[in-house]
Amino acid sequence: MRKLLGLSLGLLLATGLSTTAAADNVAHCEVLIIQVIADAALDGEAQVVTYGPAVSYIESVYDNEDGHITHIADQPIRALMCNRNDVIPAKSDYALIATGIPFILSQDFDSADTDSLTMFWRDGKLDYVYKGYPLSSEAQEILDGRIASFSKRGLNAAALKAAKAVEKANLQDKLTVEERASEVENIVVISSIEDDTTDTKTEIKK
């Protein structure tokens, strides 16, 4: 993991990010994958929730190639999760947010008594859900300013194309925008990974 982190820091620094920004964008991050499997025996569906290293995904966002990784093992990335003491997104986080993949910041994903911020796109605008201790007026002003700035800059070209495809598919499935947003807002992250290992949790939905 340290070797991968070193390579990633080098790549991000090459794109012009500062050492601090590069470290924040790579360290303590993982991707959330949810695979839905039909389970006839249980008369429902099994949701296999997997958390894995985000290094490859983040590298693909900051390299100079078009597009970025959207799937791992043929499953879509549902969210990017990063541990940070300060859950207000940094200006350098825009590239990650512009992918359209929900971005979750938390002081501690293993604790319910902590600050967390979930950012996601809804109706072409960036929205967020903050949970935790009340923000100071100064912190709230900074957060609102960052969200407004990111929202004004919008999604990147690849994300816009993907969003249109998803919107078309969702219309066919009669899935509303509000239901999609609710799905993101209700993501509950209760586990994390160590180094290159991956944790998997299975939930049954009937």
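The values are calculated or read from the model by the stated rules, or taken from the named source; none is laboratory data. Only a predicted model underlies this, so the values are computations on that prediction, with no experimental measurement involved. Ideal geometry is used to build each Cβ from the backbone, glycine not excepted, and the neighbour counts take in all protein chains shown.
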Pairs, first at pLDDT 95 or above in region 140-163, second in a helix (DSSP H, G or I), C-beta under 6 Å, six or more apart: PHE150/TYR94; PHE150/ILE97
Pairs only if they're at least six apart or on different chains, beta carbon under 8 angstrom, first in region 66-95 and under 19 Å from LEU160 (Cβ atoms), second among the charged types (D, E, K, R) and surrounded by fewer than 17 Cβ atoms within 10 Å (Cβ to Cβ); list them, first residue then second. TYR94/ARG153
For region 1-104, which fully contained helices (runs of 4 or more DSSP H) count at least 1 residues that are at pLDDT below 85? 2-14, 19-26
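For (1) surrounded by fewer than 21 Cβ atoms within 10 Å (Cβ to Cβ); (2) more than 21 Å from GLY145 (Cα to Cα); (3) among the hydrophobic types (A, V, I, L, M, F, W, C), each residue gets a yes or a no:
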position: ALA73; (1), (2), (3): yes, yes, yes
position: ILE101; (1), (2), (3): no, no, yes
position: SER106; (1), (2), (3): no, no, no
position: SER116; (1), (2), (3): yes, no, no
Which of the numbered conditions does LYS125 fail, given that it passes all the others? Conditions: (1) surrounded by fewer than 20 Cβ atoms within 10 Å (Cβ to Cβ); (2) touching a strand residue (DSSP E or B) at 6+ places or on another chain (Cβ under 9 Å). (2)
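Take SER136 and tell me if it is of a type in the set (S, T, N, Q), in contact with a strand residue (DSSP E or B) (Cβ under 7 Å, 6 or more places away or on another chain) and at pLDDT 85 or above.
Values: of a type in the set (S, T, N, Q): yes; in contact with a strand residue (DSSP E or B) (Cβ under 7 Å, 6 or more places away or on another chain): no; at pLDDT 85 or above: yes.
For SER136, the condition - of a type in the set (S, T, N, Q), in contact with a strand residue (DSSP E or B) (Cβ under 7 Å, 6 or more places away or on another chain) and at pLDDT 85 or above - is not met.
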If you go through region 105-134 one residue at a time, how many are in a loop (DSSP other than H, G, I, E, B) and touching a residue at least 40 places away in the same chain (Cβ under 8 Å)? 4
